[in-house]
Amino acid sequence: MSWIYLVIAGLLEVCWAIGLKYTDGFRRPFPTILTCAAIAGSMWLLAAAARTLPIGTAYAVWVGIGATGAAVLGVVLFQEPLTLARAMFLALLVVSIVGLKLTASA
């Protein structure tokens with residue numbers, strides 16, 4: 001169950017990272033509320049996952065999911081550039097996340 005919590009926490013991290021763009025510096029109330037809710041949910045689920053998973057693994061996977069998702073959605077939603085080098089490093093990040101999952105003790 002901890003891995004499920006961690007994946008959902010990572011997806012919520014993607015939501016709040018992308019949500020920051022829509023808050024316009026926290027000047028738009030509705031996106032700000034949703035972003036803050038995603039931050040709170042993400043942290044709560046990370047903490048729940050860290051009860052049984054090693055914190056180094058949990059944190060690295062959480063950040064990796066968030067960074068990868070935010071980068072991909074940045075390309076899709078905000079037309080950020082996707083160079084070959086950027087795509088390769090994102091792929092390395094995904095490989096690292098999978099490797100941490102496969103080598104975790106819990």
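FYI, it's all coordinate maths here, none of it is from the lab. Quantities reported herein were computed from a predicted structural model and do not represent experimental measurements. Don't worry about glycine lacking a Cβ; one is built from the backbone with ideal geometry, like all the others, and counts go over all protein chains shown.
Of the residues screened, residue 12 is one that is at negative phi and either touching a Ser or Thr at 6+ places or on another chain (Cβ under 6 Å) or buried (at least 17 other Cβ atoms within 10 Å of the Cβ) (or both).
Restricting the search to region 25-56, which residues are surrounded by 19 or more Cβ atoms within 10 Å (Cβ to Cβ) and in a helix (DSSP H, G or I)? Across region 25-56, the qualifying residues are 35, 38, 42, 45, 46, 49.
Please determine, by comparing only the residues of region 58-97 that are under 24 Å from residue 46 (Cβ atoms) and among the aromatic types (Phe, Trp, Tyr), which one is nearest to the chain's Cα centre (by Cα). This residue is 62.
Residue pairs whose Cβ atoms lie under 7 Å apart, sitting 6 or more positions apart in sequence or on different chains, and linking a residue in region 22-46 that is without any contact (Cβ under 8 Å) to a residue 40 or more places away in the chain to a partner that is aromatic (Phe, Trp, Tyr) and part of a helix (DSSP H, G or I), are 28/22; 31/22; 35/16; 38/16; 39/16; 42/16. Before we move on, is residue 5 assigned to a helix (DSSP H, G or I) and under 21 Å from residue 93 (Cα atoms)? It is true that residue 5 is assigned to a helix (DSSP H, G or I) and under 21 Å from residue 93 (Cα atoms). Restrict the check to region 71-84 and report whether at least one residue is touching a helix residue (DSSP H, G or I) at 6+ places or on another chain (Cβ under 7 Å), farther than 25 Å from residue 104 by Cβ and surrounded by 14 or more Cβ atoms within 10 Å (Cβ to Cβ). For region 71-84, residues touching a helix residue (DSSP H, G or I) at 6+ places or on another chain (Cβ under 7 Å), farther than 25 Å from residue 104 by Cβ and surrounded by 14 or more Cβ atoms within 10 Å (Cβ to Cβ): present.
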